[in-house]
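Asker: Here you go, one structure.
What follows draws every value from the coordinates through simple rules; no lab data is involved. Values in this document were obtained by computation on a predicted structure and should not be read as measured data. No Cβ is skipped: glycine too gets one built from the backbone with ideal geometry, and neighbour counts run over all protein chains shown.
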Amino acid sequence: MGILELAVPFFILSMVVELVYGVAKGRNTYRLNDSVSSLFLGVLSQARRFVTLGVGGYVYHLITEYFSLPLMDPTHWFTWVLAMVLYDFCYYWLHRMGHERTILWAAHVAHHQSEDYNLSTALRQTSTGFLLGWIFYIPMFLVGIPAEVVVTAGALNLLYQYWVHTQHIPKLGWYEWLFVTPSNHRVHHAQNDMYMDRNYGGLFIIWDRMFGTFQEELDEEPVVFGIRGAINSFNPAKALTHIYTDMAQDSWRTARWQDKLKVWVARTGWRPADVAQQYPREKTDLSHFERFDPAVPAVVSWYGFFQLLAVVGLLSAMQWSELAYWPGVALWALLLFTTITTALWLDGRGKAAVMKWEIMRLAYVAGLVAVGFMAAAPASVSLAGLTYLVANGLFLAVLVRAVNAPQVAVAA
């Protein structure tokens, strides 16, 4: 288990504390639907390793073997100081390019889609960053930093970034000049014109001050969280793929071959002129901004919370088990299927639009349980699967009855 997996109890406890504190202060920053959506994306991000085969790791191995400077001593303090500083420098440029180039923004955008800002937002992570993100960390291997130090430095850097995703901590004086803080990272998650594409550091804010991308949070300009092209959905599949889809559509529709290629390397926001004219995309009007918050019966929200507990439990079991590749793929598919179907309920799609997906999903679960029986899986695994099936069926029956009932809906 890595550092981030071991930190899960801390994540849960801190989110509960933030929620209780916010309620007590009359400034709650959580909505159940949005938080479930963010945590669904966090689960899928952690589960990605069960289905992807990383190119980056192999490239790092080749660099270490044939091109790097002599490996540094992993027990020496200087190795760790250099690793932490250099990792954050590389992260700054990855993060900056992740906002300035559409192909990289496509991987990063999921982290910015939440229109709330709380500790659950920190766990709202991409599942496609592995495609190109590894390129930016090649310098660490070229200078001879051992792989285990790079991995640990990366985990510590990401862990540090967790606590800055809160609205309850004000500016921190001199600390703001050197390090990333809740205040300067709130700016980074804003869609206000003056705040957009600023404050990219993960640990140190000094890179932003050095390279002209720093912006202070201002009292007279309250932050509006989210992205300008809101997806208005809690669907994780849409969250993870909508920019890729937009690029593919623009590339297909434009007439000029140069533009068909340029779409994939252009600066974020650029579109071929002919496509932009024929297929304009609406951007959020911040003067009339409303968060996406569809009204659904309360039981739908609690069904989403039930499924969140289920997928977190399944992910934990997967991480603690020694799964072969194809069983890992099968369980990853269940995680994806469950999060998508639950999001359809949270989006307020209604019974008719969702039930066919629920039936297929539960049939898939039943199939996995049956395969487990035939493969002589541990009794605890089969029992857990059967328990989930029964509990899900009962909960679903209550949900359908509530959706059909003539009642006033409430926000999720």
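Asker: For the range 257-344, which helices (runs of 4 or more DSSP H) that fit wholly inside it have 3 or more residues that are β-branched (Val, Ile, Thr) and closer than 25 Å to Leu389 by Cβ?
Answerer: By residue number, 298-320.
Asker: Same structure, new question: Of the residues Phe50, Phe78, Phe89, which single one is in contact with a Leu (Cβ under 9 Å, 6 or more places away or on another chain) and of a type in the set (Phe, Trp, Tyr)?
Answerer: It is Phe50.
Asker: Considering only residues that are small (Gly, Ala, Ser) and assigned to a helix (DSSP H, G or I), which ones fall in the range 140-163?
Answerer: Selection gives Ala147, Ala153, Gly154, Ala155.
Asker: Give the range 363-378 a look and list any residue that's among the aliphatic types (A, V, I, L, M) and closer than 17 Å to Gly313 by Cα, or say none.
Answerer: Selection gives Val365, Leu368, Val369.
Asker: If Ala377 meets every condition in (1) in contact (Cβ under 8 Å) with a residue 60 or more places away in the chain; (2) outside any helix (DSSP H, G or I) apart from one, which number is that one?
Answerer: It fails just one condition, (1).
Asker: Quick check, is Thr102 farther than 25 Å from Ser233 by Cβ, touching a residue at least 12 places away in the same chain (Cβ under 8 Å) and over 13 Å from the mean Cα position of the chain (by Cα)?
Answerer: no
Asker: Return the residue satisfying two criteria in turn: it lies in the range 199-251 and is of a type in the set (Gly, Ala, Ser) and in a helix (DSSP H, G or I), and of such residues it is farthest from Ser127 (Cα to Cα).
Answerer: Among them, the one singled out is Ser251.
Asker: List the helices (runs of 4 or more DSSP H) inside the range 1-80, counting only whole elements, that have at least 2 residues being within 24 Å of Val312 (Cβ to Cβ) and either without any contact (Cβ under 8 Å) to a residue 60 or more places away in the chain or under 20 Å from the mean Cα position of the chain (by Cα) (or both).
Answerer: Answer list for the range 1-80: 3-6, 8-24, 32-47.
Asker: Testing Asn199 on (1) over 24 Å from Leu131 (Cβ atoms); (2) crowded, with 22+ Cβ neighbours inside 10 Å; (3) out of contact with any Asp or Glu (no Cβ under 9 Å at 6 or more places or on another chain), one condition comes back false. Which one is that?
Answerer: Only one criterion is unmet by Asn199, namely (3).
Asker: Here are some residues: Asp116, Asp88. Which one is touching a Lys or Arg at 6+ places or on another chain (Cβ under 9 Å) and touching a residue at least 60 places away in the same chain (Cβ under 8 Å)?
Answerer: That would be Asp116, the only listed residue that is touching a Lys or Arg at 6+ places or on another chain (Cβ under 9 Å) and touching a residue at least 60 places away in the same chain (Cβ under 8 Å).
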